[in-house]
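See structure below.
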Protein chains: 2
Amino acid sequence: MSLFRPEIDRIAGYTPGEQPQDSGWTKLNTNENPYPPSPRVVEALTAAAQGKLNLYPDPLGTKFRKAAANATGFDPDWILPGNGSDEILTILTRSFAGPTDQIAYPYPSYILYETLADLQGARHERLLLEPDWSFDFDKVGPQIERSKLVFVPNPNSPSGNRWTWDDLIALTPPKGMLVLDEAYGDFCDAPHRGELLNSTVGKQVVITRTFSKSYSLAGIRFGFAIAHPDIIAGLRKMKDSYNCDSLALAAATAAIEDQEWMRQNTDRIRATRTRLTAALTELGYHVVPSQTNFVWATHPGKAHKAQYEALKSRKILVRYMSFPDVDWATDRRLDGLRITIGTDAEIDTFLSALREIV
Amino acid sequence: MSLFRPEIDRIAGYTPGEQPQDSGWTKLNTNENPYPPSPRVVEALTAAAQGKLNLYPDPLGTKFRKAAANATGFDPDWILPGNGSDEILTILTRSFAGPTDQIAYPYPSYILYETLADLQGARHERLLLEPDWSFDFDKVGPQIERSKLVFVPNPNSPSGNRWTWDDLIALTPPKGMLVLDEAYGDFCDAPHRGELLNSTVGKQVVITRTFSKSYSLAGIRFGFAIAHPDIIAGLRKMKDSYNCDSLALAAATAAIEDQEWMRQNTDRIRATRTRLTAALTELGYHVVPSQTNFVWATHPGKAHKAQYEALKSRKILVRYMSFPDVDWATDRRLDGLRITIGTDAEIDTFLSALREIV
């Protein structure tokens, strides 16, 4: 007899993308940045490794919050550091959604939101996107209205598209919170600046950011939330006292202080994205114009899974994704390949292999 | 109008011990280890800082689990790594206690268990300890019987005492889980070896361990759970995919491989503990015989708060603790000083100051 909560027994749990521990892979499956982090990060970590690791870290991450304030233009009391933006999303779920509350999120989108709702034992609904990845607000409006918490990744995954200001206002539940997951925000042609926090719905908005993508620091697990200080103060109650370790705090502080390094890498990735999009289009793929560090590619032949496997047998990993219950897709199932923008050399390796396969 | 869950608005949140960010303090308030971590940890971190931080860490912490298996004698599939044992305690709370389930824990004890129950919106009860820090099982038996989850720190904080095997069996709820928080287990004269996991109640037991105390690594946030593989598999669904970062994993692996370094430091701390206990007793304090890296000291004069403040004005921090609703204490309030075992020099500084104060 299991003693777990029945909600937990019922679900399979979230499966992250494959992380092979051996070498030799061209890894284009989990949207990591192919470029290394700022040299200042390595310096900061090397110094921190010599520091007083026997002492607890600053529970409030004061130095990081000051650096983040400089970078974002929001005061330090608008900033909550977390052990990856995944932890921030968990804290938000637990803070706002009790068992009778509803959580909503676009679909197809980041599957973790549904897992978080399941783990919390909260009710949840998918906001079904249209074939062009837009919202039909006549359809989703009533769903948003009855939600306590709406998660929206902007830009979206796997599609890579970005919704407009008006969309985001309409996605804010009248009696709830909008979480704007900007994991990929730095890859937009015109990056966000948190403007929604100063809008009429500002006190109902939390923006989340991560260091895993644009700052090339998936290995250190660091993200943060930006929101009105009243919201941040409430979220602090939910977090573990020392949720961020000394090393991650030192690395993230150094990284956010080196905006130029980050911009240089996101610029390179955007250039490669343009090239990859053109090459895939030439090979007969439909590619959604991407504002992220990946592209969503579908082929009319629909042999996506076989393509994924043929690539894998060549030690090239992309993400095969399959979304059931999509009304407008053939057999009600949308599938395709989500391909991370690697270095130019990695993308060449991928394209050569793909040309043999398709 | 707040949009937080009412449970969250109602509570104040957990307040960790003071962590002054300036220098010059004799810090005996949060049970940190005064000695540095193994030099192998610094080496491992320096190497990891040069590694591929742009990639996600191993979500399963495979290398660490193998090292922990060597150190504990339990197979790797009995081990769940976490971002501090605080995160493990959160995962356990969420996995086993729904809103109608009850959580119980000794009192006076580690206050975090109550905070975790509040944050989860679960019911909770205190198991009131006797003046000698024992359980009266006639009293607490029915409370344990109706609990889904019982947290027991062994040894206990703030008292530093350790309960027996028979106590632990009796504390296991017949239809629930016992979480044995062994944060201070390495400081016992005869450290635990996880024997309870092989007992008749083994599948209802989860043991938690931390690197913050005996391994001198409060700064890296690392802990782990030991439990039957069926339990570990369920808990894995609840954790964030990448809950432990590359650097913390590298540091914890190096630390647990250097058992000799850890033992050498815990031996020194135990020797200082004997000396501190004798000195406090001589100054008129009652000191509970401690199996941890701190002592709980109470003075018949009961001017504990004034003593804490006089020490603080000399830049010496100890933990003043005050527990209301303790039937057997004067004015139903138990208070006292919890003093971390520092280096011999730190303890001398503390004792000199205390002699001026008392």
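The values are calculated or read from the model by the stated rules, or taken from the named source; none is laboratory data. As the structure is a computational prediction, the values presented were derived from the model and not from experiment. Methodologically, a virtual Cβ is constructed for each residue, glycine included, from the backbone with ideal geometry; neighbour enumeration extends over all protein chains shown. Protein only, heavy atoms only, side chains kept; ligands, DNA and RNA dropped before computing areas. Shrake-Rupley method; radii C 1.70, N 1.55, O 1.52, S 1.80 Å.
Of note:
- Of the residues making up the range B:105-122, one or more are part of a loop (DSSP other than H, G, I, E, B) and within 16 Å of A:L119 (Cα to Cα).
- Hey, A:T274 open to solvent by 70 Å² or more (accessible area, probe 1.4 Å) and in a helix (DSSP H, G or I) or not: yes
- Filtered residue count, the range A:6-56, keeping only those that are under 30 Å from B:G202 (Cα atoms), facing another protein chain (nearest Cβ under 9 Å) and open to solvent by 10 Å² or more (accessible area, probe 1.4 Å): 8
- Subset of the range B:140-160 [assigned to a helix (DSSP H, G or I) and either touching a residue at least 12 places away in the same chain (Cβ under 8 Å) or surrounded by 14 or more Cβ atoms within 10 Å (Cβ to Cβ) (or both)]: B:V140, B:G141, B:Q143, B:I144, B:E145
- Looking only at the range A:69-116, and only at residues there that are within 14 Å of another protein chain (Cβ to nearest Cβ) and β-branched (V, I, T), the one that is most open to solvent (accessible area, probe 1.4 Å): A:T100
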